[in-house]
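To start, the structure itself, in structure tokens.
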Amino acid sequence: MVDGQPSLQQVLERVDEWMAKEGLLDPNVKSIFVTCGDWDLKVMLPGQCQYLGLPVADYFKQWINLKKAYSFAMGCWPKNGLLDMNKGLSLQHIGRPHSGIDDCKNIANIMKTLAYRGFIFKQTSKPF
């Protein structure tokens, strides 16, 4: 699935270009990434960047773990991640589990539902 695709360095450069284009690098603009777990931004990305000798942009060093946010809002831990969160909120799961764009759609729906219920999202990662 990665043959003929951009390298991680190219992808990270594109992310940075997009962040700049959207004004998300402006210090007066608040933005944060949302993940379903800490592993991607806490372990995988820093480890891969270290292996390749690439810097990790500061905006990847803080995030909201949706599992933690959901557990704060609902009072229970979603053992099966997005599937449990969708079920707990009576939402229909979209697409296939662990399919990038489908996961994004499910994350957005879960966040929207929690926000409509009055939940205030806050950074869950610890600074490093």
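The values are calculated or read from the model by the stated rules, or taken from the named source; none is laboratory data. Model, not experiment: these values are computed from the prediction. As a convention, Cβ positions derive from the backbone with ideal geometry for all residues, glycine included, and neighbour counts pool all protein chains shown. Calculation scope for accessible area: heavy atoms of the full protein, side chains included, ligands and nucleic acids excluded. Shrake-Rupley method; radii C 1.70, N 1.55, O 1.52, S 1.80 Å.
For the chain, list the DSSP H helices whose alpha carbon atoms reach 20 Å or more along the long axis and whose average Kyte-Doolittle value is 0.0 or above?
Working: long enough: 100-116 (24 Å, 0.06).
Counting only whole DSSP H runs, the qualifying helices are 100-116.
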- request: Measure off 7 Å from each Cα along the Cα-to-Cβ vector at Ile94 and Asn28, then give the distance between these two points in nanometres to one decimal.
  value: 3.2 nm
field: Centroid-to-centroid separation of region 31-48 and region 89-128 [C-alpha atoms, Å]
entry: 15 Å
- request: Express in Å², to the nearest 10, the accessible area of Lys112 obtained by rolling a 1.4 Å probe over the protein heavy atoms while all chains stay in place.
  value: 100 Å²
- prompt: Given Lys21/Lys112; Lys79/Lys105; Lys21/Lys126; Lys42/Lys87; Lys30/Lys87, which pairs have Cα atoms separated by over 23 Å?
  reply: Lys21/Lys112; Lys21/Lys126; Lys42/Lys87; Lys30/Lys87
message: Rolling a 1.4 angstrom probe over the protein chains, ignoring ligands and nucleic acids, what is the accessible area of Asp3 in square angstrom, nearest 10?
response: 140 Å²
- request: Sort His93, His98 by accessible area with a 1.4 Å probe, largest first.
  value: His98, His93
- prompt: Quick one: Debye curve from the C-alpha atoms of region 32-117, no solvent, what's log10 I(q)/I(0) at q = 0.15, 0.19 Å⁻¹?
  reply: -0.58, -0.85
statement: Under a 1.4 Å probe, counting only protein heavy atoms, Leu41 has an accessible area in Å², nearest 10, of 20 Å²
